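First the structure, in the form of structure tokens, and then the observations on it.
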Amino acid sequence: MMISVCMATYNGASFVDAQIRSILSQLSQEDEVIVVDDGSKDETPALIKRFNDRRITLIENSVNRGPVGSFKIALEHAKGDYLFLSDQDDVWHPDKVTKVMTAFQDDKAVVVVHDAIVTDQALAPIDNSWNHYNHSEPSQSFVRTLVKNGYTGAMMAFRRDLEALILPFPSKLPMHDWWIALIALKHRQKIVALPDKLMDYRRHMGSVTGRHRRLQEIVADRFTMIKLLWKR
């Protein structure tokens, strides 16, 4: 029962050390962390190598591929039975892996998602719930999820069985977490949404999730997703 944690990094030297430590402390010696660095200009790769932990595999992109492309590479290299997605700048709570794995085993889940405490750059709390802060919760409805994505990759894990459905990522995929949730819903895979806050979710100037987007982008992404899903 091997766990693979898939992480994408880019210029995350200020945060990545704390995040990796919070992850490794919950893994067994048989588990792994696959880190794909997307051409960082700072000390991120060096900090990761400094762990000198055989559970960590660092892959350095020769060209910038963005979050979707980097997570695709990480998932393709992962060997685990259960795959956890991770951002570079959060901090996992000590009970995250245990509670997620319990949901997989007791509830027979294929996908498990959870809530988080929203913090600032220094981990000072901003909101006690990411779902509240983001004005959205994971939905069991395919249509509702297509209209508004309530799934966040950093709070998502899934069984390897789902990988055959989600990979390869389409070349024009807007968001990987949205895609994973919609594929699971389309194929009637069981999703369990835990109310537990299992990590500190940092919000700062470098954050990708939550950036302001124009209405034209939002509408275009939904049309793109419909076309991509039609083929799967």
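Taking region 206-220 as the range and being open to solvent by 80 Å² or more (accessible area, probe 1.4 Å) and modelled with pLDDT under 60 as the test, the residues that pass are VAL208, ARG211, HIS212.
Scanning region 190-205 for residues that are modelled with pLDDT under 95 and either of a type in the set (S, T, N, Q) or within 12 Å of PRO125 (Cβ to Cβ) (or both) turns up just one, ARG203.
When region 168-198 is filtered for residues that are closer than 17 Å to LYS148 by Cβ, part of a loop (DSSP other than H, G, I, E, B) and among the aliphatic types (A, V, I, L, M), only MET175 remains. For VAL35, state whether it is open to solvent by less than 20 Å² (accessible area, probe 1.4 Å), within 16 Å of the chain's Cα centre (by Cα) and of a type in the set (Val, Ile, Thr). Judged against the criteria, VAL35 is a match. With respect to the stated conditions, GLY69 fails to be in a loop (DSSP other than H, G, I, E, B) and either buried (at least 16 other Cβ atoms within 10 Å of the Cβ) or small (Gly, Ala, Ser) (or both).
Taking the criterion of being of a type in the set (A, V, I, L, M, F, W, C) and open to solvent by less than 10 Å² (accessible area, probe 1.4 Å), the residues of region 11-25 that qualify are VAL16, ILE20, ILE23. Of all residues in region 74-93, none are in a helix (DSSP H, G or I), closer than 16 Å to THR152 by Cα, among the charged types (D, E, K, R) and touching a residue at least 60 places away in the same chain (Cβ under 8 Å). For region 127-164, taking the residues that are under 15 Å from MET225 (Cα atoms) and among the aliphatic types (A, V, I, L, M), the one that is modelled with the lowest pLDDT is identified as VAL147. Looking only at residues that are within 20 Å of ARG222 (Cβ to Cβ) and of a type in the set (Gly, Ala, Ser) in region 141-159, which one is most open to solvent (accessible area, probe 1.4 Å)? This residue is SER141.
Between PHE104, PHE71, the distinction of being in contact with a His (Cβ under 6 Å, 6 or more places away or on another chain) and of a type outside the set (A, V, I, L, M) belongs to PHE71 only.
Residues in region 120-148 that are out of contact with any helix residue (DSSP H, G or I) (no Cβ under 6 Å at 6 or more places or on another chain) and either in a loop (DSSP other than H, G, I, E, B) or aliphatic (A, V, I, L, M) (or both): 18 in all. Checking each residue in region 94-119 for being part of a helix (DSSP H, G or I) and buried (at least 23 other Cβ atoms within 10 Å of the Cβ) picks out LYS96, VAL100. Among the residues making up region 45-66, a single one is polar (S, T, N, Q) and open to solvent by less than 30 Å² (accessible area, probe 1.4 Å): ASN61. None of PHE169, PHE223 is open to solvent by 40 Å² or more (accessible area, probe 1.4 Å) and closer than 22 Å to GLY69 by Cα except PHE223.
The values are calculated or read from the model by the stated rules, or taken from the named source; none is laboratory data. Fair warning: this is a prediction, and the values are worked out from it, not measured in the lab. Ideal geometry is used to build each Cβ from the backbone, glycine not excepted, and the neighbour counts take in all protein chains shown. Accessible surface areas use protein heavy atoms only, side chains included; no ligands, DNA or RNA. Shrake-Rupley method; radii C 1.70, N 1.55, O 1.52, S 1.80 Å.
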